[in-house]
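Chemist: Right, I'll just put the structure down here and ask away after.
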Amino acid sequence: MSSLEQYKDSRHYQKIHQQIETLGLIEHMNHLDEYGYTVIPPGLVAPEEFQDRLRKAVLKVNEQRTGQKINVEDIETAKLNKDGPGYGHWAILTDDPVFQEAIMNPAALAMAKYLCGNSVMLSDLLCQVKQQDDTMTHPLHTDQHGTPPPLPPYTQVANVTWALTDYRKGNGPVAIVPGSHLKSRYPLPEEGNFLREDAPVKAIPIEADAGSLIIWHGNTWHGSYPRKSPGLRLNLIMVITRVYMKQIRDFRSETPKEVLDRHPVEFARLIGANSAYPFVDGNRPPKDDMAYMVAAGRNPWA
């Protein structure tokens, strides 16, 4: 029996599998295994009212960081106050409470755990505002940065994207190469431009209704189609990682205590506020951090 098969017999895996089954996501789990990505429809994710709060919060972040106010009712016709494909706004977790609620969404969290284990951690949270432009912003690549090939078959880094507007080919959606997570390597430079008529690697657009979750394995080859249509594409992206990988954001140092106090222990665990490492000044973590770990009742490396 392989180590992966043994893992699937473990209580850690069974706990995740039960959560996915309860949420009605088994089909999506299987699709993720076979093709390296899946799309969970809005009805299995969150109510429209919550989706609308997310859209307004993303536009609020964009206004705070660019000075441009855009009303949610104008998304389909709005244009940004600069040329180019748009904006990516990183480090937004504490910009609005709705973002903190989003990372705890049951469907998003269950699939994140399936990919990166019960001890999954949020590496960063960002949003993108994309407008009409001919630029291909992302050729084919993987999110598994820094790991020498061959890439491991299990996920070390993964992407959970909340599509807040419709994803259609003309709207600048994600381009994906189904099954590419099984290649265990990065795309070669000549394989990156999937838009060429003679492209050696064929990608397909991910089409999803607003409110869907688009999830892919860190090894999966993906890129981004230019947006041909007027208006804006909005999304929210959870970059997730296994507990032993270095986070993009130092949430442990950056997150105010009042934010932690508003949420259950699972929230602190997800952002790494209860991480055993790194030790501070050569000492064990503060008692409060260790208390989060004890209260979570888990092996922090599972």
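The values are calculated or read from the model by the stated rules, or taken from the named source; none is laboratory data. All figures in this text were calculated on a predicted structure; none of them were measured in a lab. In this analysis, Cβ positions are derived from the backbone assuming ideal geometry, glycine residues included, and neighbour counts consider all displayed protein chains. Ligands, DNA and RNA are stripped out before the accessible areas are found, and what is left, the full protein with its side chains, is counted by its heavy atoms. Shrake-Rupley method; radii C 1.70, N 1.55, O 1.52, S 1.80 Å.
Chemist: List every residue pair whose Cβ atoms sit under 6 Å apart, with the two residues 6 or more apart in sequence or on different chains, where the first one lies in region 49-73 and is of a type in the set (Lys, Arg) and the second, anywhere, is assigned to a helix (DSSP H, G or I).
Modeler: Between residues of region 49-73 that are of a type in the set (Lys, Arg) and residues that are assigned to a helix (DSSP H, G or I), the close pairs are 53/98; 55/72; 56/72; 69/63.
Chemist: Given 223, 192, which one is crowded, with 20+ Cβ neighbours inside 10 Å and within 20 Å of the chain's Cα centre (by Cα)? Step through it out loud before you land on a result.
Modeler: Details: 192 fails: within 20 Å of the chain's Cα centre (by Cα).
Exactly one of 223, 192 is crowded, with 20+ Cβ neighbours inside 10 Å and within 20 Å of the chain's Cα centre (by Cα), namely 223.
Rundown of residues vs (1) closer than 15 Å to residue 234 by Cα; (2) within 19 Å of the chain's Cα centre (by Cα), yes/no style:
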site	(1), (2)
81	no, no
106	no, yes
124	no, yes
156	no, yes
164	yes, yes
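Chemist: Can you tell me which residues in region 52-85 are small (Gly, Ala, Ser) and not in a loop (DSSP other than H, G, I, E, B)? Explain how you work it out, then say what you get.
Modeler: Of the residues in region 52-85, the ones small (Gly, Ala, Ser) are 57, 67, 78, 84.
Hit for region 52-85 is 57, nothing else.
Chemist: Looking at 204, 248, can you tell me which residue is within 25 Å of residue 124 (Cβ to Cβ) and either touching a residue at least 24 places away in the same chain (Cβ under 8 Å) or open to solvent by less than 30 Å² (accessible area, probe 1.4 Å) (or both)?
Modeler: Details: 204 fails: within 25 Å of residue 124 (Cβ to Cβ).
Going through 204, 248 in turn, just one is within 25 Å of residue 124 (Cβ to Cβ) and either touching a residue at least 24 places away in the same chain (Cβ under 8 Å) or open to solvent by less than 30 Å² (accessible area, probe 1.4 Å) (or both): 248.
Chemist: Give me the pairs, please: first residue somewhere in region 29-44 and touching a residue at least 40 places away in the same chain (Cβ under 8 Å), second residue anywhere and open to solvent by 70 Å² or more (accessible area, probe 1.4 Å), beta-carbon distance under 7 Å, and either six or more positions apart or on two chains.
Modeler: Filtered contacts from region 29-44: 41/209; 42/209.
Chemist: Name the residues in region 23-49 that are more than 19 Å from residue 180 (Cα to Cα), open to solvent by less than 30 Å² (accessible area, probe 1.4 Å) and not in a loop (DSSP other than H, G, I, E, B), would you?
Modeler: The answer is 40, and nothing else.
Chemist: If you check residue 104 against the conditions, is it open to solvent by 20 Å² or more (accessible area, probe 1.4 Å) and at pLDDT below 95?
Modeler: No; evaluated as a whole, the condition is false for this residue.
Chemist: Report yes if residue 197 is open to solvent by 20 Å² or more (accessible area, probe 1.4 Å), modelled with pLDDT under 95 and of a type in the set (Asp, Glu), otherwise no.
Modeler: Yes, satisfied.
Chemist: Is there a residue being closer than 20 Å to residue 171 by Cβ and in contact with a strand residue (DSSP E or B) (Cβ under 6 Å, 6 or more places away or on another chain) anywhere in region 89-112?
Modeler: Yes, region 89-112 contains a residue that is closer than 20 Å to residue 171 by Cβ and in contact with a strand residue (DSSP E or B) (Cβ under 6 Å, 6 or more places away or on another chain).
Chemist: Does region 86-93 contain at least one residue that is in contact with a Gly (Cβ under 8 Å, 6 or more places away or on another chain), at pLDDT 95 or above and not hydroxyl-bearing (Ser, Thr, Tyr)?
Modeler: Here is the first cut: in region 86-93, the ones in contact with a Gly (Cβ under 8 Å, 6 or more places away or on another chain) are none.
No, because not a single residue in region 86-93 is in contact with a Gly (Cβ under 8 Å, 6 or more places away or on another chain), at pLDDT 95 or above and not hydroxyl-bearing (Ser, Thr, Tyr).
Chemist: Looking only at region 212-256, which residues are in a strand (DSSP E or B) and either of a type in the set (Asp, Glu) or out of contact with any Ser or Thr (no Cβ under 6 Å at 6 or more places or on another chain) (or both)?
Modeler: 213, 216, 222, 223, 227, 232, 236, 238, 240
Every residue, every condition in (1) touching a residue at least 40 places away in the same chain (Cβ under 8 Å); (2) of a type in the set (Asp, Glu); (3) assigned to a strand (DSSP E or B), yes or no:
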residue	(1), (2), (3)
122	yes, no, yes
130	yes, no, yes
133	yes, yes, no
136	yes, no, no
150	no, no, no
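Results for (1) open to solvent by less than 10 Å² (accessible area, probe 1.4 Å); (2) at pLDDT 95 or above, shown as yes or no for each residue.
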site: 144; (1), (2): yes, no
site: 149; (1), (2): no, no
site: 154; (1), (2): no, no
site: 158; (1), (2): yes, yes
site: 163; (1), (2): yes, yes
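Chemist: May I ask you to verify whether residue 94 is buried (at least 21 other Cβ atoms within 10 Å of the Cβ) and either farther than 25 Å from residue 30 by Cα or polar (S, T, N, Q) (or both)?
Modeler: Working: buried (at least 21 other Cβ atoms within 10 Å of the Cβ): no; either farther than 25 Å from residue 30 by Cα or polar (S, T, N, Q) (or both): yes.
Taking the combined requirement at face value, the residue does not satisfy it.
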